[in-house]
Amino acid sequence: MDCNKEEAIRAKSIAEKKMQSKDFVGARKIAIKAQQLYPDLENVSQMLMVCDVHCSAEKSFGTEMDWYGILQIDQTADEITIKKQYRKFALQLHPDKNKFSGAEAAFKLIGEAQRVLLDRDKRSMHDLKRKTSVSKTGVPHRPPHRASWNSNPGVQNYSRGNFSGVNLQ
């Protein structure tokens, strides 16, 4: 297991470098691999949450961000669910608790998502933009697959350096 831990630490370090260069998609892939290699690796869940928020923020409807995707909730979510999800994210993303690159920006994004989704007028305008976007493309938008910070999927036994085709450089 020490071999996996060393590889997980190396992968986490690479993911941190990708986060510093604002490559959150790449960082997320490598952080997931690190977590699969060694599930108890410190702060990987915080790292993944930062990446998830930024990856969701990259998906937008014209000039409008996908606020539901940022909070990882359904469009039918009620006020209680929105507040609960915001608190859950805020505890992990607050700049005093999360020192990863991009955490402060992610914290601001979830705050804005909550503000938009709790304001009835802003939310209805957002929903209208989403609906218009879906009707133009014909493809409904889905929030990104939740990272394994919410659950612990079956951990695979990886040999040294086997990151399933993910470029770690």
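Structure values in brief
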quantity: Residues located in region 56-71, provided they are crowded, with 19+ Cβ neighbours inside 10 Å and in a helix (DSSP H, G or I); calculated: Ser56, Ala57, Trp67, Tyr68, Gly69, Ile70, Leu71
quantity: Condition check for Gly62: under 25 Å from Ala27 (Cα atoms) and either in contact with a Cys (Cβ under 8 Å, 6 or more places away or on another chain) or of a type outside the set (D, E, K, R) (or both); calculated: no
quantity: Some residue of region 115-125 being touching a Lys or Arg at 6+ places or on another chain (Cβ under 9 Å), of a type outside the set (Asp, Glu) and under 17 Å from Met19 (Cα atoms); calculated: no
quantity: Residue among Ile32, Ile14, Ile9 that alone is under 12 Å from the mean Cα position of the chain (by Cα), over 18 Å from Ala57 (Cβ atoms) and assigned to a helix (DSSP H, G or I); calculated: Ile32
quantity: Search result, residues across region 10-34 that are among the β-branched types (Val, Ile, Thr) and either surrounded by fewer than 15 Cβ atoms within 10 Å (Cβ to Cβ) or without any contact (Cβ under 8 Å) to a residue 24 or more places away in the chain (or both); calculated: Val25
quantity: Which listed residue is outside any helix (DSSP H, G or I), modelled with pLDDT under 50 and more than 26 Å from Asp23 (Cα to Cα), from Gly161, Gly154, Gly165; calculated: Gly154
quantity: Count of region 35-49 residues which are assigned to a loop (DSSP other than H, G, I, E, B) and either in contact (Cβ under 8 Å) with a residue 12 or more places away in the chain or buried (at least 21 other Cβ atoms within 10 Å of the Cβ) (or both); calculated: 4
quantity: Qualifying position, being over 17 Å from the mean Cα position of the chain (by Cα), within 21 Å of Leu117 (Cβ to Cβ) and not polar (S, T, N, Q), among Gly62, Gly69; calculated: Gly62
quantity: Filtered residue count, region 72-129, keeping only those that are among the basic types (Lys, Arg) and open to solvent by less than 20 Å² (accessible area, probe 1.4 Å); calculated: 0
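So that you can scan it fast, the table gives a plain yes or no per residue for (1) charged (D, E, K, R); (2) at pLDDT 95 or above:
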{"position": "Lys99", "(1), (2)": "yes, no"}
{"position": "Ala103", "(1), (2)": "no, yes"}
{"position": "Phe107", "(1), (2)": "no, yes"}
{"position": "Ile110", "(1), (2)": "no, yes"}
{"position": "Gln114", "(1), (2)": "no, yes"}
{"position": "Leu118", "(1), (2)": "no, yes"}
{"position": "His126", "(1), (2)": "no, no"}
{"position": "Lys129", "(1), (2)": "yes, no"}
{"position": "Thr132", "(1), (2)": "no, no"}
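The values are calculated or read from the model by the stated rules, or taken from the named source; none is laboratory data. The shown structure was predicted, so the numbers you read here are calculated from the model rather than taken from an experiment. A quick note on method: Cβ atoms are made from the backbone with ideal geometry, for glycine too, and the neighbour counts reach across all protein chains shown. Surface accessibility is based on the protein's heavy atoms, side chains included, excluding ligands, DNA and RNA. Shrake-Rupley method; radii C 1.70, N 1.55, O 1.52, S 1.80 Å.
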